[in-house]
Amino acid sequence: MPIKIPKSMQNWGSLIGLTIAAISFFMIIVLFALSAMIGEGGIYLGLVTYILLPTVMLAGLMIALIGIVVAAKKSKKKKTKKPLWPTIDLGYSKHRQAFFLFFIGTSVFLFFSLIGSYQAFHYTESVQFCGQLCHEVMDPEYNAYQHSPHARVSCVECHVGPGAGWYVRSKLSGLYQVYSTLTNNYPKPIPTPIENLRPAREVCEQCHWPKKFYAHKLQFHTYYLSNKENTSWNLRLVIKTGPQHQAMGLKEGIHWHINPEVKIEYIAEDERRRELPWVRFTNKITGQTVVYQDQDNPLSPKQIKETQPRVMDCIDCHNRPSHDFKGPMRFINEAITAGEISPDIPEIKMMAMDVCSKDYSSAQEALDAITKLQIYYEENYPEYYAKYQSRIKKAITSIQKRYQRNIFPAMNLTWNTHLDHIGHLNYMGCTRCHNETHVSQSGHIIRQDCNLCHLIIGQGKPGMMSIGSVHNPLDFRHPQDIDEIWKEVACSECHTGGRM
């Protein structure tokens with residue numbers, strides 16, 4: 001028995017809509033099979049297969065439906081009497097044919113819709129979708145993410161987390177982001193911290209269980225001075241992440257701030273949380289509350305009353321866990337330590353920091369400027385250049401690679417646009433509160449004591465190091481003779497992360 005198209009679909013609108021839907025459906029099947037054979041098939045293949053073509057197919061079906069409705073209205077005018085509800089009698093071949101055509105078509109459509117929806121869900125949750133689809137916008141975040149400790153953790157696990165509610169919220173938020181990208185109406189750089197981000201404890205603690213207590217941690221740091229010899233300076237620290245003994249839980253150490261028995265709240269002076277002039281400590285067990293105000297920059301009673309304090313969580317210190325944009329001081333030090341840049345090259349630390357700290361209109365302009373370091377050595381150190389030309393070229397390649405990983409002129413993004421609140425060397429970090437100026441009404445001070453967070457057990461030049469111990473730590477000694485200035489000002493006032 002030949003299959004005939006129902007009369008309700010025998011109109012140009014329905015035929016055009018069905019043709020569009022059929023072509024789209026056929027293309028989806030072909031592209032799906034193609035991606036299955038060759039693997040992922042690229043970010044744009046997924047965009048076309050699971051988002052664009054299904055949208056076109058649905059549009060075609062809607063056009064077909066509109067054609068049916070219009071045709072039905074026209075036929076209604078010709079009929080004098082029409083039953084309230086359509087009747088289906090499978091005894092009639094026309095009814096039977098229309099019914100099975102509808103049943104089979106709907107079943108096939110629903111089956112492939114389930115597969116497509118499942119694939120579309122995973123596609124929109126993928127790292128490639130988040131990081132590569134809007135290449136220029138997300139290029140800095142995607143680059144930094146690939147070299148972070150969370151490089152094996154998908155974006156949505158942190159930015160969305162488990163549960164359907166936050167998934168829906170993220171997709172609704174994504175609609176505006178798509179609009180902003182298409183209209184080129186987005187800020188450069190993307191501002192942080194992100195507004196309305198899911199609470200860190202609901203996300204971070206999926207992996208980082210707060211009841212797994214960490215004892216002290218040993219860290220080795222090697223720095224290189226900006227002089228002709230690139231003099232190295234070693235620092236050996238015992239970081240008091242947790243207490244001296246694991247059995248003490250979160251009662252001591254840096255992670256005391258997230259102890260479930262206490263609550264730390266603060267009011268920030270600006271959206272970037274660089275200054276925290278008001279801090280409140282609450283002991284949940286005893287109910288004791290202590291408020292500290294920055295005596296150098298106090299808030300007025302009106303400001304305190306009108307502002308909702310933020311409860312301190314992981315992100316207030318670990319604010320760059322996956323998107324850490326390092327300054328030239330850090331990434332050049334790391335490159336020298338890793339052996340990518342020879343410390344024997346005269347002035348290489350100083351010259352590299354100088355060229356990487358300048359403002360450029362594009363990444364290519366920056367790379368060209370770094371390449372010109374070769375001319376500097378050719379002119380100023382001709383004998384060294386003639387003998388170690390390959391060493392200098394290797395250093396230039398490393399500087400370019402690390403520059404591209406951390407600084408993005410197209411998005412106006414540098415290490416200073418995205419602060420890192422861990423530590424206190426290049427940013428205020430810990431000293432936002434631990435600065436000796438936060439005082440309670442009773443006169444209690446939030447101390448700026450180095451030994452609260454770490455102990456120095458070794459420092460100095462290689463072969464000339466001073467050695468201490470956990471029970472007999474060393475007093476800090478600045479690599480350069482600056483007298484006692486380092487005690488009077490914050491480290492970040494001089495160490496900006498780049499060339500001063």
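Tell me, please, whether a residue that is small (Gly, Ala, Ser), farther than 19 Å from residue 495 by Cβ and surrounded by fewer than 15 Cβ atoms within 10 Å (Cβ to Cβ) can be found in the stretch 236-247. Break it down stepwise before answering.
Filtering the stretch 236-247 for residues small (Gly, Ala, Ser) gives 242, 247.
Of the ones still in play, those that are also farther than 19 Å from residue 495 by Cβ are 242, 247.
Within this subset, residues satisfying the condition of being surrounded by fewer than 15 Cβ atoms within 10 Å (Cβ to Cβ) are 247.
Taking every residue of the stretch 236-247 in turn, at least one turns out to be small (Gly, Ala, Ser), farther than 19 Å from residue 495 by Cβ and surrounded by fewer than 15 Cβ atoms within 10 Å (Cβ to Cβ).
Note on the stretch 189-213: residues that are surrounded by fewer than 16 Cβ atoms within 10 Å (Cβ to Cβ) and either assigned by TED's automatic domain parsing to the domain that holds residue 250 or among the basic types (Lys, Arg) (or both) amount to 2. Per the conditions (1) out of contact with any Ser or Thr (no Cβ under 6 Å at 6 or more places or on another chain); (2) farther than 30 Å from residue 261 by Cβ; (3) of a type in the set (Gly, Ala, Ser), the sole criterion not satisfied by residue 335 is (1). Picking from residues in the stretch 150-188 that are among the aliphatic types (A, V, I, L, M) and surrounded by fewer than 13 Cβ atoms within 10 Å (Cβ to Cβ), the one that is modelled with the highest pLDDT is 151.
Do we have any residue at all in the stretch 282-301 that's in a helix (DSSP H, G or I) and assigned by TED's automatic domain parsing to the domain that holds residue 442? Step through it out loud before you land on a result.
Keep residues of the stretch 282-301 that are in a helix (DSSP H, G or I), which gives 301.
Filter once more, keeping what is assigned by TED's automatic domain parsing to the domain that holds residue 442: 301.
Yes, the stretch 282-301 contains at least one residue that is in a helix (DSSP H, G or I) and assigned by TED's automatic domain parsing to the domain that holds residue 442.
Among the residues making up the stretch 232-254, those that are at pLDDT 90 or above and touching a Pro at 6+ places or on another chain (Cβ under 8 Å) are 232, 233, 234, 238. Among the residues making up the stretch 486-500, those that are assigned to a loop (DSSP other than H, G, I, E, B), of a type outside the set (Lys, Arg) and surrounded by 15 or more Cβ atoms within 10 Å (Cβ to Cβ) are 490, 495, 496, 497, 498.
Every test in (1) part of a loop (DSSP other than H, G, I, E, B); (2) closer than 27 Å to residue 366 by Cβ; (3) out of contact with any Ser or Thr (no Cβ under 8 Å at 6 or more places or on another chain); (4) of a type in the set (Gly, Ala, Ser) is passed by residue 398 save one, and that test is (1).
Only residues that are surrounded by fewer than 16 Cβ atoms within 10 Å (Cβ to Cβ) and of a type in the set (Gly, Ala, Ser) were counted in the stretch 265-295, giving 1. When each of 229, 271, 275, 306 is tested for being modelled with pLDDT of 90 or more and within 18 Å of residue 422 (Cα to Cα), the lone residue that passes is 275. Pairs are defined by a Cβ separation below 6 Å, a sequence spacing of at least 6 or placement on different chains, a first member in the stretch 333-345 that is farther than 11 Å from residue 395 by Cβ and in contact (Cβ under 8 Å) with a residue 60 or more places away in the chain, and a second member that is of a type in the set (Phe, Trp, Tyr) and surrounded by fewer than 20 Cβ atoms within 10 Å (Cβ to Cβ); the pairs so defined are 333/223.
Among the residues of the stretch 446-485, just one is over 16 Å from residue 221 (Cα atoms), without any contact (Cβ under 8 Å) to a residue 24 or more places away in the chain and surrounded by 15 or more Cβ atoms within 10 Å (Cβ to Cβ), namely 448.
Based on what the data block shows, is residue 410 modelled with pLDDT under 95 and assigned to a helix (DSSP H, G or I)?
Numbers: modelled with pLDDT under 95: yes; assigned to a helix (DSSP H, G or I): yes.
Yes.
Number of residues in the stretch 384-413 that are out of contact with any strand residue (DSSP E or B) (no Cβ under 8 Å at 6 or more places or on another chain), buried (at least 17 other Cβ atoms within 10 Å of the Cβ) and either under 30 Å from residue 237 (Cβ atoms) or of a type in the set (S, T, N, Q) (or both) equals 8. With respect to (1) closer than 18 Å to residue 496 by Cα; (2) surrounded by fewer than 17 Cβ atoms within 10 Å (Cβ to Cβ), the lone exception for residue 379 is condition (1).
The values are calculated or read from the model by the stated rules, or taken from the named source; none is laboratory data. These numbers come from a predicted model, not from an experiment. We place every Cβ from the backbone using ideal geometry, glycine too, and count neighbours over all the protein chains shown.
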